[in-house]
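Visitor: Here it is: the structure, laid out below.
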Amino acid sequence: MSKYFELKLVEPEFGSNLTSLILELDHLRKKKLGGSTHPQVFFQLKHIFHTLESIGSARIEGNNTTIAEYIETKLEDNESPKGQGIIEIRNIEKAMAFIEENVEGYNINRMFVSEMHKRIVDELIPPPEGEGDHTPGYYRNTNVKIAKSDHVPPDWSRVDEFMDELFDLINKEDEPQYDLLKVAIAHHRFVWAHPFGNGNGRTVRLFTYAMLLKLGFNVNVGRILNPTAVFCSNRDDYYKYLSAADNGSKEGLLSWCEYVLGGLRHEIEKIDNLLDYEFLKSQILIPTINYSVEREFLTNLESKILKKVIEKQKIKSSDLKEIFKGKVSAEISRQIRKLIDKKMLIPIKEGKRTYVLRFDNNYLLRGVINSLGEKGFLPVRDE
Ligand SMILES: Nc1ncnc2c1ncn2[C@@H]1O[C@H](COP(=O)(O)OP(=O)(O)OP(=O)(O)O)[C@@H](O)[C@H]1O
Ligand SMILES: [Mg+2]
């Protein structure tokens, strides 16, 4: 049986790495985001990262649905039957959207966690066959083991008590300098208590996402936050640092916090690059068009038009005149209409005649994923 340790915040040394991390993250949290990427373009990227985030979170336990496969199912019509792996990913995506939509209105409490868990295991077969749970939304009433881990979660009869204590800690007003430590400590304590029969990992990663949004890492004003990448790109490290914290020693908890916050800083810095349109254009979007032309998803004319769109970020039909030398303007309008129908152009606002590239829901998505992979934005799997 594991030793029960008291839930409390740990104090890093003032000169430690962890303190510097907290200061840096605090700076990133307050930093005004004024990137040059158009909101309409940014919004699509965020959507793609939600998907990647969900795939990353789902794959941690031998879910072999590859990114490519999932992307293809998104491009197919929505009514086709879905395998369990696809449902698992889709559940996480939906739960993330739910969190973002309700970020203002909720408290992170038992009801919230239970809501997350229900969504996470929805339509999934319970163990041992599947990745669902026997009691969606309810705490476990049996004792459990964690696969590939030595930690033995507390007796089921104490789950309630440990979880209430956890909610008290996170909802208590402390000095803001403790906020980020709380995020890390709460993540560990949650899985240490292991409140559910299954789905604890997926639920806790959303719980952490929600805590970060509450702290002001606000994804609605232009930031993409990808906390799962912290935990899921290297499962061995995740398990190693979790287990270091299991005995509740100050040293173990501090090393866990440093692992979580270091990973978070790395992710934020990396993804904030995409707000710089020059970077996005040259590293992701232009290569996407080249990729698509090579595979004949696009004609030469389409690629010329889309490259012009990418170069200027947003265009009006008059911007395309030089591509259509000697043609009447009705021909330009016709081509624009065609690309809108193919979901490759989208007006910056409904009814406006200024357009940006659309790449989140058509074959261009394959090229975007490919470029993101080449530039190190995808979760790498180390198995
Ligand atoms: N030593 C440990 N101490 C505390 N928690 C741990 C430890 N090792 C692993 N865990 C947690 O247990 C989770 C697995 O539990 P569970 O199977 O209930 O979750 P899941 O969502 O079904 O799976 P997964 O997180 O692997 O996708 C891991 O994701 C991790 O968060
Ligand atoms: Mg599991």
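Visitor: Being touching a residue at least 24 places away in the same chain (Cβ under 8 Å), among the polar types (S, T, N, Q) and farther than 24 Å from I48 by Cβ, is that true of even one residue in segment 305-322?
Guide: Yes, segment 305-322 contains a residue that is touching a residue at least 24 places away in the same chain (Cβ under 8 Å), among the polar types (S, T, N, Q) and farther than 24 Å from I48 by Cβ.
Let's see how each residue does on (1) more than 26 Å from L254 (Cα to Cα); (2) in a helix (DSSP H, G or I):
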{"site": "P81", "(1), (2)": "yes, no"}
{"site": "A97", "(1), (2)": "yes, yes"}
{"site": "F112", "(1), (2)": "yes, yes"}
{"site": "Y139", "(1), (2)": "yes, no"}
{"site": "P154", "(1), (2)": "no, no"}
{"site": "D160", "(1), (2)": "no, yes"}
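Visitor: Taking segment 1-36 as the search range and keeping residues that are part of a loop (DSSP other than H, G, I, E, B) and surrounded by fewer than 11 Cβ atoms within 10 Å (Cβ to Cβ), which one is modelled with the lowest pLDDT?
Guide: Here the residue is M1.
Visitor: Any idea which residue in segment 148-207 is nearest to ligand 2 (Cβ to nearest atom), counting only those that are under 30 Å from I87 (Cα atoms), in contact (Cβ under 8 Å) with a residue 60 or more places away in the chain and open to solvent by 70 Å² or more (accessible area, probe 1.4 Å)?
Guide: Top of the filtered list is K148.
Visitor: Name the single residue, out of those in segment 214-239 being surrounded by 20 or more Cβ atoms within 10 Å (Cβ to Cβ), of a type in the set (A, V, I, L, M) and assigned to a helix (DSSP H, G or I), that is nearest to the chain's Cα centre (by Cα).
Guide: Checking each candidate, the answer is A229.
The values are calculated or read from the model by the stated rules, or taken from the named source; none is laboratory data. Owing to the predicted nature of the structure, the values given are computational and were not obtained by experimental measurement. Don't worry about glycine lacking a Cβ; one is built from the backbone with ideal geometry, like all the others, and counts go over all protein chains shown. Just so you know, the surface numbers come from the protein's heavy atoms only, side chains and all, with ligands and any DNA or RNA stripped out. Shrake-Rupley method; radii C 1.70, N 1.55, O 1.52, S 1.80 Å.
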